[in-house]
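Have a look at the structure below, then the notes.
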Amino acid sequence: MYAIFLTGTAGSGKSLLASRLREWYEKIEAYPIILNLDPGAISLPYEPDVDVRAYIDIEEIMNRYSLGPNGALIMASDMISSKLDELQKEIDELNPDYLIVDTPGQVELFAYRASGLYFVQELNADIKANIFLFDSSLISIPSNYVSIMLLSISIMLRLKIAQINVLSKYDLIDKKFAWISNYASLENELIRKDDELHLLALDLFKTLKSNRISTPLPVSSVTYEGLMNIAALLSRIFKGGEELEY
Ligand SMILES: Nc1nc2c(ncn2[C@@H]2O[C@H](COP(=O)(O)OP(=O)(O)OP(=O)(O)O)[C@@H](O)[C@H]2O)c(=O)[nH]1
Ligand SMILES: [Mg+2]
C-alpha cells in the first residue's frame with residue numbers, strides 16, 4: 001500500500017483533491033481509499049472510507065474540557081496519534097492499493113506538533129509521499145509566492161518524505177501571472193523590484209533554485225487540469241514510472 005498525504009494551508013483544496021485522486025485511481029482500476037484525518041471537518045466533498053471523526057469528537061472535547069473551538073482543535077490534533085492503531089486496523093482490513101490521507105486544515109497543527117509527525121512516521125505503508133498544496137488565491141505577487149515556497153520546504157523538512165508541490169485552483173489564476181509556473185520569469189520579476197524585501201525574496205529564491213526545488217505543478221480540481229501530472233509524479237515515486245502510460 002502506498003500512502004499519499006495531502007497538506008497545505010487552510011482552504012487550499014486538500015479535500016477536493018483527495019476526492020479527485022480517488023476518482024483517478026478508480027479509473028485506472030486500482031483500489032484507492034480516503035482516510036479523513038481532520039477531526040474538525042464539518043462537511044467533506046467525498047465519503048471517507050476511514051474517518052478519524054469516528055474516534056475524536058470535537059463537540060465532546062469542547063463540552064468535556066470547557067474549551068472553545070480553537071482549543072478543542074489543538075487538543076483533537078494532539079489526539080490523532082493515539083488513534084493510529086484503530087485507524088491502521090480499519091485501513092488494513094480494507095487493504096487498498098493507495099491510501100489518500102486528507103489532513104487537518106491548520107497545517108501547523110498537523111506538521112509542527114508531535115502527533116501529526118508521529119502519525120506520518122508510524123503509519124504502516126510501503127512508501128509515503130506528501131502533496132503540498134500552494135493556494136493560487138494566496139499568490140498575487142512574486143515575494144508571497146517565495147514565502148509559500150518556504151512554507152512547503154519547512155513541511156518537507158518536518159515530514160522527511162518525498163514531496164510534490166502543487167499549485168492548486170489553477171483555474172482561478174490570472175494567466176497574466178506567467179511567472180507563476182516558470183522559474184526564469186519569476187527570477188526576472190524579483191530582479192525588477194529593488195526594495196529590500198524583494199532582494200531577500202530573490203536570495204531565498206536562488207537558494208531554492210540551487211537546491212533543485214521545482215516549481216509547483218499547476219492543478220485544478222474543477223477542470224481536472226494537471227491531475228494526470230500528479231499521478232505520473234506519484235507513480236515515479238512509488239514504482240519508478242510503471243503506470244505512466246495511463
Ligand atoms: N475553483 C476552484 N476551487 C477549488 C479547487 N479546489 C478546491 N476548491 C474550492 O476551495 C474551497 C476549499 O476546498 P477544500 O477542498 O475544502 O480545501 P481544504 O484544504 O480541504 O480546506 P480545509 O480542510 O478547510 O483547510 C472549496 O470551496 C472548494 O470547492 C479548484 O481546483 N478550483
Ligand atoms: Mg479539508
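If you filter region 26-53 down to residues that are of a type in the set (A, V, I, L, M, F, W, C), out of contact with any Ser or Thr (no Cβ under 8 Å at 6 or more places or on another chain) and outside any helix (DSSP H, G or I), you find that the one that is nearest to ligand 2 (Cβ to nearest atom) is Ile42.
Based on what the data block shows, is Lys206 in a helix (DSSP H, G or I) and exposed (fewer than 13 other Cβ atoms within 10 Å of the Cβ)? Yes, satisfied.
In region 72-102, what count of residues is obtained for those that are within 23 Å of Ala231 (Cα to Cα) and crowded, with 17+ Cβ neighbours inside 10 Å? So the answer is 7. Pairs meeting the criteria (first residue in region 87-115 and on the phi > 0 side of the Ramachandran plot, second residue among the aliphatic types (A, V, I, L, M), beta carbons under 9 Å, at least 6 apart or on different chains) are Asn95/Met1. Within the bounds of region 158-172, is there any residue that is part of a loop (DSSP other than H, G, I, E, B) and either more than 30 Å from Ser235 (Cβ to Cβ) or in contact (Cβ under 8 Å) with a residue 40 or more places away in the chain (or both)? Checked against the condition, which is being part of a loop (DSSP other than H, G, I, E, B) and either more than 30 Å from Ser235 (Cβ to Cβ) or in contact (Cβ under 8 Å) with a residue 40 or more places away in the chain (or both), region 158-172 yields at least one hit.
Quick check on Leu197: is it of a type in the set (A, V, I, L, M, F, W, C), part of a helix (DSSP H, G or I) and at pLDDT below 85?
Details: of a type in the set (A, V, I, L, M, F, W, C): yes; part of a helix (DSSP H, G or I): yes; at pLDDT below 85: yes.
Answer is yes for this residue.
For region 17-25, the criterion of being within 16 Å of ligand 1 (Cβ to nearest atom), hydroxyl-bearing (Ser, Thr, Tyr), surrounded by 17 or more Cβ atoms within 10 Å (Cβ to Cβ) and assigned to a helix (DSSP H, G or I) is met by at least one residue. Looking at region 91-111, is at least one residue of a type in the set (Val, Ile, Thr), more than 19 Å from the chain's Cα centre (by Cα) and at pLDDT 95 or above? Looking for residues that are of a type in the set (Val, Ile, Thr), more than 19 Å from the chain's Cα centre (by Cα) and at pLDDT 95 or above, one finds at least one in region 91-111, hence yes. For region 144-159, state whether one or more residues are surrounded by 15 or more Cβ atoms within 10 Å (Cβ to Cβ) and touching a Lys or Arg at 6+ places or on another chain (Cβ under 7 Å). So far as region 144-159 goes, no, none of its residues is surrounded by 15 or more Cβ atoms within 10 Å (Cβ to Cβ) and touching a Lys or Arg at 6+ places or on another chain (Cβ under 7 Å).
When only residues in region 33-64 that are over 15 Å from Ser15 (Cβ atoms) and touching a helix residue (DSSP H, G or I) at 6+ places or on another chain (Cβ under 7 Å) count, which is nearest to ligand 1 (Cβ to nearest atom)?
Narrowing region 33-64 to residues over 15 Å from Ser15 (Cβ atoms): 54-64.
Now narrow it down to the ones that are touching a helix residue (DSSP H, G or I) at 6+ places or on another chain (Cβ under 7 Å): 55-56, 58, 61-62.
Working: Tyr55: 18, Ile56: 15, Ile58: 13, Ile61: 18, Met62: 18 Å.
Among those residues, the one meeting the criterion is Ile58.
Can you tell which of Gly105, Gly116 is crowded, with 16+ Cβ neighbours inside 10 Å, of a type outside the set (Phe, Trp, Tyr) and assigned to a loop (DSSP other than H, G, I, E, B)? Going through Gly105, Gly116 in turn, the sole match is Gly105.
Of all the listed residues (Leu159, Leu138, Leu150, Leu133), the sole one being within 10 Å of the chain's Cα centre (by Cα) and within 16 Å of Thr7 (Cβ to Cβ) is Leu133.
Considering region 120-137 alone, what residues qualify as being in a helix (DSSP H, G or I) and either small (Gly, Ala, Ser) or within 16 Å of ligand 2 (Cβ to nearest atom) (or both)?
Matches in region 120-137: Ser136, Ser137.
Ile173 falls short on exactly one of the conditions (1) at pLDDT 90 or above; (2) in contact with a strand residue (DSSP E or B) (Cβ under 9 Å, 6 or more places away or on another chain); (3) surrounded by fewer than 21 Cβ atoms within 10 Å (Cβ to Cβ); (4) under 30 Å from Leu197 (Cα atoms), and that condition is (1).
In region 28-62, the qualifying residues are those that are surrounded by fewer than 17 Cβ atoms within 10 Å (Cβ to Cβ), among the aliphatic types (A, V, I, L, M) and free of Cβ contacts under 8 Å to residues at least 40 places away in the same chain, and the one that is farthest from Lys89 (Cα to Cα) is Ile42.
The values are calculated or read from the model by the stated rules, or taken from the named source; none is laboratory data. Source: prediction; values computed, not measured. Cβ sites come from the backbone with ideal geometry, for glycine too, and all protein chains shown count toward neighbours.
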